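One structure is given here, and the rest of the page talks about it.
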Amino acid sequence: MGRRFGLPALAVASLALALLATQPVPAQVAPPAAASTVARPTWQDLTAIQREALAPLESKWDGYDAGRKQKWLEVASRYPYLSPDGKQRLHERMAEFAQLTPQQRRTLRENFRKVYELPAEQRRAVVRQFKDLPPEKREALSEQARKKAETPRRAARDSAADRVQPTGARKSDAPGR
């Protein structure tokens, strides 16, 4: 019997992301060598509903291994039952999760697992405590998590790009920005 996504689960996921923000950011690991064949199902093999549910992953989908695809398909199976707000939150969090390094994803899963190991009443208390935070504090935690999710290599690359600009050019003139 699968779990339904609900406000408590989303709050726990947000809490797990906040816990991730307190973890040190490891050096970025090189991606594994690309396989010569694409694991099934390919993006084109998915149903329209699955493609809608997994839209934030479209550009990366065919690069995922079969096990990872299966996990995302389990998430997609619950998508039709979410409210419009729930669908939007899922897409936002899915996009954030997909951008994490493998080590950051492992840490997030571990934190999520630890939260779910708590007795139900204690878990509800933690969720209530998180919900009771002022909106600016919750936003600060989210911002902190986003900053922690950035890899040092990306930050250094972006910083270098800002320093190396042709004479008279503005950052907004740079291609792709």
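Counting heavy atoms of the protein chains alone, Asp132 has an accessible area of about 120 Å² for a 1.4 Å probe. Solvent exposure of region 58-142, expressed per residue, is 63 Å² of accessible area, with all protein chains present and a 1.4 angstrom probe.
What nm value, rounded to one decimal, do you get for the distance between Gln88 and Gln144 when each label is placed 7 Å out toward the C-beta? With each label point 7 Å from Cα toward Cβ, the separation is 2.6 nm. Region 54-146 has equivalent-ellipsoid semi-axes of 25, 16, 16 Å, by the square roots of 5 times the alpha carbon gyration tensor eigenvalues, sorted largest first. Once ligands and nucleic acids are excluded and a 1.4 Å probe is used, how much of Glu74 is accessible, expressed in Å² to the nearest 10? Here the residue's solvent-accessible area equals roughly 90 Å².
Please find the FRET efficiency linking Gln44 to Asp132, where r is the Cβ-Cβ separation and R0 is fixed at 41 Å, and quote it to the nearest 0.05. Kindly include the intermediate steps, with their values, before the conclusion.
On the way: r = 46 Å, r/R0 = 1.11.
Efficiency at R0 = 41 Å is approximately 0.35.
The values are calculated or read from the model by the stated rules, or taken from the named source; none is laboratory data. The model shown is predicted, which means the values in this text are computed figures rather than measured ones. Methodologically, a virtual Cβ is constructed for each residue, glycine included, from the backbone with ideal geometry; neighbour enumeration extends over all protein chains shown. Each accessible area value is taken on the protein alone, full model and side chains, heavy atoms only, with ligands, DNA and RNA left out. Shrake-Rupley method; radii C 1.70, N 1.55, O 1.52, S 1.80 Å.
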